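Here's the structure, in structure tokens; my notes come after.
The values are calculated or read from the model by the stated rules, or taken from the named source; none is laboratory data. As the structure is a computational prediction, the values presented were derived from the model and not from experiment. Using ideal geometry, Cβ is built from the backbone for each residue, glycine included, and neighbour counts are taken over all protein chains shown.
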Amino acid sequence: MRSSPMNRLLSRRLVLRGAGVALTLPWLESLLLRCQTASAQSVAAAPKRYLAVFLPNGASENWKPAAVGGGGAWELSPVLDVFGALKAKMQVLSNFENGSAFNADGGAGVEPSHGRQPGAFLTCVDPDAIRKELGNVGEANEISLDQLMAAHAAFKGKTAIPSLQVGLSTVESYCDGKPCSNSRSISWSGKTTPMYKMVDPLAVFNKLTGGIEPRGNDGTPPDAETQKRLARNRSILDAVLENASRTRAKLGSADKMRMDEFLSSVREVETRATGASMGMGGLACAAIQKPSMAAVGPNAFRQNTATYDKGTHADVMNDLIVLALQCDATRIITHMLEDERSEFTYDHVKMREFTATGSTEANGTCPEYHGGGQHGSQSAFASITRWNASKVAELAAKLDRVQEANGTSVLDNTVIFFAGAMHGSNHACHQLPVALVGGGALGLRQDQHADLVKRPLRDLHYTLMQKVFDMQDVTQFGRNLTGAPLAVVSDAVG
């Protein structure tokens, strides 16, 4: 059955096209009014979205809130207080474990921890076990949650980009003798196919707007039109200017303002993405190489203290994620705040002193993440954890400011799974740091801290498929070597 013009418009939005560029506009009320009929007065449901944000090296002991309950019964912890008013739109779920994916007794010990645990973050299987089952192949895993979603009828074919993998990795990280795909990727489209993240903001921007990155993940050059535009250093907006002018003339005054603000923000993001890309050493002009196995790749991105700005990189990636979800370019994103066992030096982050109820700024700056942070000063580790959490909070706040056609926000229709693959400095695969942000319009509980009774992480992924994302036909996910069956985490939904 053919869909109505209104439904096609609401599901695909309006696309401004130009030479080598396709820019999708956000929801505009004028376009809805033009397509309304007497039999189509109701607004179509907003799209459901999923964003997994990976916190490397686990979290400091200051992650877990002190009290359990909802509303005024609990308060954000000293590292999560950066979410502020968004407390009302999030929940912290304590006591998830993933050790049962590795150990028959469900124990929390997994070695090497950094080299294995991240591989199970969205698969809930031991990558080593899959490698052995496939004849000791180089790198292997199960299909990750995000890729199961992308291939499912609930999402498949509904956006131009099935899924997007991004991250902030810019410094060599160690792989602990295991395939680097375990610690540098959380997304797997097949048992031997890791989906490596894009770290270059300009490459992500060009992907979202239909341009071809100056050098893509496969090292291929751009097409002729994109080469010409890059040579002239023109904005992608220049390529769609004529189409944009025609569209603007058809809009009401409020939507004209909304469109102007959107296009202005796109130009700003493009400018900042270009600057951040150049600050990373001109990565937009260099091939992004697939990391080699069990070794530091010679072309891995390096921290450049002279030009690289971690905060700007994080902010631009946040803006790109908002752009992708706001314009329905994709509904599924994975975002790695760093590689696991990151050796990045967080000297841009001020040290803080922590108490049970909060934190205050202290003297000095933070050391490198793994050795000096996770294995060193707990204040440093907590300061880095809090800084990473602040970037997720800023991203969530931006999504909450974007209005949907039905009056809700993009955040209300997005599940942000913000979590780590290990507990923290003890490297244990239990008591994982897990928070769900947003998703209030999708049935997720809000404003609560639930302290569960040792639940497998795969149960949470299963719950999202069953209760949120219309994937009830998926009845198997991950592995639990203790033999416990899959079960819905009722504390998180309803």
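Structural remarks
- Taking first residues from segment 404-425 that are touching a residue at least 40 places away in the same chain (Cβ under 8 Å) and partners that are of a type in the set (Lys, Arg), the Cβ contacts under 7 Å between residues at least 6 apart in sequence or on separate chains come to Leu411/Lys89; Asn413/Lys48; Asn413/Arg49; Thr414/Arg49.
- The listed residues are Gly109, Gly138, and the only one of them that is closer than 19 Å to Thr482 by Cβ and either among the acidic types (Asp, Glu) or in contact (Cβ under 8 Å) with a residue 60 or more places away in the chain (or both) turns out to be Gly109.
- Where strands (runs of 3 or more DSSP E) fall entirely within segment 392-457, those with at least 1 residues that are within 20 Å of the chain's Cα centre (by Cα) are at 414-420, 434-438.
- Among residues of segment 41-57 that are within 30 Å of Arg386 (Cβ to Cβ), those with a beta-carbon under 6 Å from a residue that is of a type in the set (Gly, Ala, Ser) and modelled with pLDDT under 90 at least six positions away or on a different chain give the pairs Pro56/Ser342.
- Candidate set from segment 169-195 (those that are touching a strand residue (DSSP E or B) at 6+ places or on another chain (Cβ under 7 Å) and in a loop (DSSP other than H, G, I, E, B)); member that is modelled with the lowest pLDDT: Ser169
- Counting the residues of segment 58-85 that are buried (at least 20 other Cβ atoms within 10 Å of the Cβ) and assigned to a helix (DSSP H, G or I) gives 1.
- Residue check: Lys132 meets all listed conditions (1) surrounded by 24 or more Cβ atoms within 10 Å (Cβ to Cβ); (2) not in a loop (DSSP other than H, G, I, E, B) but one, namely (1).
- Conditions (1) at pLDDT 95 or above; (2) out of contact with any Leu (no Cβ under 8 Å at 6 or more places or on another chain); (3) under 28 Å from Lys310 (Cβ atoms); (4) in a loop (DSSP other than H, G, I, E, B): number failed by Gln165: (4)
- Complete set of residues in segment 234-270 that are hydroxyl-bearing (Ser, Thr, Tyr), within 23 Å of Asn318 (Cβ to Cβ) and modelled with pLDDT of 70 or more: Ser264
- Criterion: within 21 Å of Tyr196 (Cα to Cα), of a type in the set (Lys, Arg) and modelled with pLDDT under 90 - qualifying residue of Arg331, Arg341: Arg341
- Residue check for Gly371: in a helix (DSSP H, G or I) and either modelled with pLDDT under 80 or more than 15 Å from Leu168 (Cα to Cα) (or both): yes
- Which listed residue is closer than 25 Å to Phe469 by Cα, buried (at least 21 other Cβ atoms within 10 Å of the Cβ), at pLDDT below 95 and touching a helix residue (DSSP H, G or I) at 6+ places or on another chain (Cβ under 7 Å), from Leu25, Leu55, Leu16: Leu25
- Remark: pairs (first residue in segment 346-366, in contact (Cβ under 8 Å) with a residue 60 or more places away in the chain and under 14 Å from Val82 (Cβ atoms); second residue of a type in the set (Ser, Thr, Tyr) and not in a strand (DSSP E or B); Cβ separation under 7 Å; 6+ apart in sequence or on different chains) = Phe354/Ser379.
- Where a residue in segment 456-474 is touching a residue at least 60 places away in the same chain (Cβ under 8 Å) and among the small types (Gly, Ala, Ser) and its partner, wherever it lies, is surrounded by 20 or more Cβ atoms within 10 Å (Cβ to Cβ) and part of a helix (DSSP H, G or I), with Cβ under 6 Å and at least six apart: none
- Among residues of segment 459-474 being out of contact with any helix residue (DSSP H, G or I) (no Cβ under 7 Å at 6 or more places or on another chain) and among the polar types (S, T, N, Q), the one that is surrounded by the most Cβ atoms within 10 Å (Cβ to Cβ) is Thr463.
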